[in-house]
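Reviewing the structure listed below.
The values are calculated or read from the model by the stated rules, or taken from the named source; none is laboratory data. Being a predicted model, the structure only gives us computed values, none of them experimental. Using ideal geometry, Cβ is built from the backbone for each residue, glycine included, and neighbour counts are taken over all protein chains shown. To get the accessible areas, we keep the full protein, side chains included, count just its heavy atoms, and leave off ligands, DNA and RNA. Shrake-Rupley method; radii C 1.70, N 1.55, O 1.52, S 1.80 Å.
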Amino acid sequence: MSIEDIRLLIAFVVAVTLLVVLITKYSLSPFVSLLLASIVLAVAAGLPLSLAFERFAEGVGGILGSTAMVIGLGAMTGAILERSGGAAALAEQLVRWLGVKRLGWAMLLVGLLVGIGVWFTVGLVLLVPIVISLSRVARVNLLVPAMSMVAGLSAMHGFLPPHPGPLAAIELLSADTGRTIVWGLLVGSISAAIAGPLLWRLFDGKVEMPSFDDPDPPPAKTDNVTADTSAFTGPATALDAVPPAATTAPGVLGPLVVIALPIALMVAGADPTLAMLLGLVVAYLWLGKANGFSGQALARASEESLFPVANVLLVVAAGAGFSKVLIACGVGDTLASLAQNVPVPPLVLGWLISAAFRVATGSATTAITAAGGIISVMTADDPTIDREFMVLALAAGSLTLSHVNDGGFWFVKEYFAMTVQQTLKTWTVLETVLSLVALLVILILNSFV
């Protein structure tokens, strides 16, 4: 290794250390932190700042051009699923079909399906009152159904587009969206099943969760919910053995179509933006207008869903900009040559880098975006690496060991009224098992495909 390579590696380590410190110690925005880290990297590597900003802007523009519309359309579709009561209808009906004795598996399926269409925190807000009510009425411990539902939500948010993390990694690594969805569904479902109902049945009665004996938490506020869009008429209905046929369509069929249509189109090779747009139109007409929502109410739901998207887009864009600066500085070639001598498979290396960012920064989106930028330059000229499995390995790493620096940790803690210790014993363990199982499944699949 030459003196120049060592200098570039030192510059890279300094930039990454600064990135982590700015986010963790000073709580600076990940977007601003990535921008500052890019500047420091350029200065330390001897790259002119004018060229560094040019390359950073190139990365920002490139990834926003391909991801901004997909993420925005996905957020709007998820908002209509939530506001219309369609997701709640789907949850209640699935529990009816599968029965209370299989409540854990039912809530896993609910989490997986709802998690495809809505962001993790939205799904959590929507489904927590349902799982609490169902577990109380069914007289079962909350642990298994709650953790099963959360496992499904987390897996889909972590592994599948149009969620921002995997979508950003797909673009950074030039992976195929359809193949990533197919493998992501398989990896996410298997991992969630193991980290959800299978794992927590072993600890049922051994791990405490709060008991909710007071009245049901109020359902999520909606502008208009009709009998057509929400089959969730009360927790007692979950105990019915056979659902009435009238509730199967469009109350259940509508949300299923809205979730499945864009996924099917992307798997078939359709442009992701077009696929998400068609899904939004179906949601607008089937779950919105046909059920009495005014255009104003739908517009308000769509606009409100975009507020949190802005910050996510900036983080994703900054990660791509950081990647371009890495390449422009020559760090990419140095890292690529170094990676060839690391005694672990490339997929494991990707998982390790993503997991390190996740543990340090607490943000799954920041972890997969930053790790994707690094891995993309390390593996750019290696045709033996399966891009889709690398995306999933990065996604798996971005889910591991959620703890007190992660916003999701506090969401789960508060909505289930747990202590920090209880959350560490449940949510943190679940996320770590989910991540490790996913990596194992990815390695097995990669060895056979």
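When the stretch 167-188 is limited to residues that are polar (S, T, N, Q) and crowded, with 19+ Cβ neighbours inside 10 Å, the one that is farthest from Met147 (Cα to Cα) turns out to be Thr177. Looking for something open to solvent by less than 40 Å² (accessible area, probe 1.4 Å), of a type in the set (A, V, I, L, M), in contact with a Phe, Trp or Tyr (Cβ under 6 Å, 6 or more places away or on another chain) and at pLDDT below 85 - is there at least one such residue anywhere in the stretch 75-88? There is at least one residue in the stretch 75-88 that is open to solvent by less than 40 Å² (accessible area, probe 1.4 Å), of a type in the set (A, V, I, L, M), in contact with a Phe, Trp or Tyr (Cβ under 6 Å, 6 or more places away or on another chain) and at pLDDT below 85. In the stretch 325-364, of all residues being at pLDDT 85 or above and of a type outside the set (A, V, I, L, M, F, W, C), the one that is farthest from Phe120 (Cα to Cα) corresponds to Pro345. Filtered by the rule that a residue be of a type outside the set (D, E, K, R) and open to solvent by 60 Å² or more (accessible area, probe 1.4 Å), the stretch 265-289 gives Val267, Ala268, Gly269, Leu274, Leu277, Leu278, Val281, Tyr284, Leu285, Trp286.
The set of residues in the stretch 356-376 being open to solvent by less than 20 Å² (accessible area, probe 1.4 Å) and either over 13 Å from Asp406 (Cα atoms) or touching a Cys at 6+ places or on another chain (Cβ under 9 Å) (or both) consists of Ile368, Thr369, Ala370, Ala371, Gly372, Gly373, Ile374, Ile375, Ser376.
Let's see how each residue does on (1) under 16 Å from the mean Cα position of the chain (by Cα); (2) acidic (Asp, Glu); (3) open to solvent by less than 10 Å² (accessible area, probe 1.4 Å):
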| position | (1), (2), (3) |
| --- | --- |
| Met378 | no, no, no |
| Ala395 | yes, no, yes |
| Ser398 | yes, no, yes |
| Ser402 | yes, no, yes |
| Asp406 | yes, yes, no |
| Ala417 | no, no, no |
| Thr423 | no, no, yes |
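Checked against (1) buried (at least 24 other Cβ atoms within 10 Å of the Cβ); (2) at pLDDT below 90; (3) not aliphatic (A, V, I, L, M), Pro210 passes all but condition (1).
Might you let me know whether the stretch 119-140 holds any residue that is assigned to a helix (DSSP H, G or I), without any contact (Cβ under 8 Å) to a residue 40 or more places away in the chain and within 14 Å of the chain's Cα centre (by Cα)? Among the residues of the stretch 119-140, at least one is assigned to a helix (DSSP H, G or I), without any contact (Cβ under 8 Å) to a residue 40 or more places away in the chain and within 14 Å of the chain's Cα centre (by Cα), which makes the answer yes. Would you confirm whether any residue within the stretch 281-295 is part of a helix (DSSP H, G or I), touching a residue at least 24 places away in the same chain (Cβ under 8 Å), within 18 Å of Ala169 (Cα to Cα) and in contact with a Leu (Cβ under 8 Å, 6 or more places away or on another chain)? Checking the stretch 281-295: not a single residue is part of a helix (DSSP H, G or I), touching a residue at least 24 places away in the same chain (Cβ under 8 Å), within 18 Å of Ala169 (Cα to Cα) and in contact with a Leu (Cβ under 8 Å, 6 or more places away or on another chain). Filtered by the rule that a residue be touching a Pro at 6+ places or on another chain (Cβ under 9 Å) and assigned to a loop (DSSP other than H, G, I, E, B), the stretch 156-174 gives Leu160, Pro161, Pro162.
Just to check your reading of the model, which residue among Leu64, Leu109 is of a type outside the set (D, E, K, R), modelled with pLDDT of 85 or more, in a helix (DSSP H, G or I) and open to solvent by 40 Å² or more (accessible area, probe 1.4 Å)? The match here is Leu109.
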